[in-house]
1. Filter the stretch 37-53 down to residues that are farther than 20 Å from Ser139 by Cα and at pLDDT 95 or above and give me whichever is surrounded by the most Cβ atoms within 10 Å (Cβ to Cβ).
2. Within 16 Å of the chain's Cα centre (by Cα) and either more than 21 Å from Pro184 (Cβ to Cβ) or touching a residue at least 12 places away in the same chain (Cβ under 8 Å) (or both): is that true of Ala126 in this structure?
3. Could you tell me how many of the residues in the stretch 164-192 are of a type outside the set (Ser, Thr, Tyr) and part of a loop (DSSP other than H, G, I, E, B)?
4. Just to check your reading of the model, which residue among Met427, Met377 is at pLDDT 95 or above, closer than 16 Å to Asp165 by Cβ and touching a Leu at 6+ places or on another chain (Cβ under 7 Å)?
5. Do we find a residue being under 17 Å from the mean Cα position of the chain (by Cα) and at positive phi anywhere in the stretch 89-112?
6. Is there any pair with a first residue in the stretch 12-31 that is more than 12 Å from Val64 (Cβ to Cβ) and a second that is of a type outside the set (D, E, K, R) whose Cβ atoms are under 6 Å apart and which are 6 or more apart or on different chains, and what are they?
7. Scan the stretch 303-358 for residues that are part of a helix (DSSP H, G or I), surrounded by fewer than 22 Cβ atoms within 10 Å (Cβ to Cβ) and not hydrophobic (A, V, I, L, M, F, W, C) and report the count.
8. Confirm whether Ala75 is free of Cβ contacts under 8 Å to residues at least 60 places away in the same chain and within 20 Å of the chain's Cα centre (by Cα).
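The values are calculated or read from the model by the stated rules, or taken from the named source; none is laboratory data. This one's a predicted model, so the numbers in the text were calculated from it and none came from an experiment. No Cβ is skipped: glycine too gets one built from the backbone with ideal geometry, and neighbour counts run over all protein chains shown.
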Amino acid sequence: MKSAEYAEYDALGLAELIANGHVTQDEVRAAALSAIEQLNPKINGLVEVWETEPEAPSGPFKGVPFLVKDLGLTAKGRLNELGSRLAAGCIADEDSTLMTRLRQAGLVTLGRTNTPELAASTTTEAVFPGPTRNPWDLSRSAGGSSGGSAAAVAAGLVPAAHATDGGGSIRVPAAATGLFGLKPSRGRIAMGPAVDEVWAGLAVHGVISRTVRDSAALLDAIEGAALGDPFEIARPQQPYLSELNRAPGSLRIGLLPHPLNGTRCAEPVATATRQVAAQLEGLGHRVEEIRLDIGLSWDAFVEMNARFWSANTAAWINAIAAATGRPVDDSTLEPATLSLHRMGSELTAIDLLGAMHSRNLVTRSMGSFFCNFDILMSPTLPALPPAIGHYNEGQEFLDGRGWMDRVFSHSPFTALANVTGSPAMSMPLAFDPHTGLPIGMQFSAGFGREDRLLRLAGQLEGVLPWAGRKPEVWAGKL
């Protein structure tokens, strides 16, 4: 199997070829490694290739190549560096629950993907591994914090890859690189055993893929609580993959066309949003532009998230520094990360309780919203992906709150679902006619309603397909 042929299949397609004996696991693996060798130097999506990973056990994806983000899960005996000089050389002692499930699903992990330092950004431009570049335009960001995974999938190096999402880190890079990205509900995928809830419950695991069916099938393979989890969300009544064959019905969709911070979306994004909304109405859905009340002002919303992000980042940094014996200073950390560490170190327990109260206000308000609407729709990002270097420019002059304001200005739509714990997805339903860059649309649903999102996703993938559009850097051209 050549890399060009390999890149044309999604994960389920490759699994079927292997199961039917049309190709072997070794042939698929060789095609993937060849694509990685030739194209990763252009995009810097992978920070390490695992050429000695053992053959996968039986599972629905037996032999399908996969990648894991260098953050959020651990693989025994493998480096776990978190995009940071502070954690350089750190090796995991055990497989986390998710890594075990990925292996049991039959996936063959070929390496680690790039991430910004400690995932505290929505662009992947860390100093330690260097920036990840967008396969659609190498001068632009691939988004973050799962930018390495997104770039690798978009370029055809693997059909799907692991990702995490604490403020948009699945959906932002999916939008930037023309992929499907579903952030599951809080508690849908186990985070342990070393932690219970990451970033005070804001962060979740998931995947980024080129097809909706791959994300649905992978969610089927990895969902479910583990022993000792802080709570257990209700399990799905039927496989998520089967939801793609069910009509979503006529949905009540609330449309948020512009950010809550008072800014306006760039014209290509605003135009695309109107066009997709019209398509939805043509499919029989009821779309209504709304003024969204999240229970807080925008400034209070950012402050709440800043407290959660900085407190958790500070504790994480202190733990890594204690384990490695390294100093917490500019020799080990980037300016923005240091500013979050300082802010988190200065917070009191009362400050965090205040953030928890604010989160409750947002969650209750959005609970009321989903009593009246089935779906909240918005663009995933307010503008096209920025040029490499633009996002991080001048970060040394920002304090923790200033950095969080920059992060949320770049991705003002995505963090709401992290605060509420609700599922949300980004779909590459439009493209800018002038640059050819993809434009993602975000859809979120009530807590635990991944089924509703996937039914809608299956419908939209059918009427607004994106599979025929390929980026500049694409393994199918090899």
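1. First pass over the stretch 37-53, keeping only residues farther than 20 Å from Ser139 by Cα: 37, 48-53.
Pick out the ones that are also at pLDDT 95 or above and you get 37, 48-50.
Numbers: Glu37: 12, Glu48: 16, Val49: 16, Trp50: 18.
Looking at residues that are farther than 20 Å from Ser139 by Cα and at pLDDT 95 or above, I get Trp50.
2. Details: within 16 Å of the chain's Cα centre (by Cα): no; either more than 21 Å from Pro184 (Cβ to Cβ) or touching a residue at least 12 places away in the same chain (Cβ under 8 Å) (or both): yes.
No.
3. Matching residues across the stretch 164-192 total 13.
4. Answer to the check: Met427.
5. no
6. Filtered contacts from the stretch 12-31: Glu27/Met1.
7. 11
8. Criteria met by Ala75.
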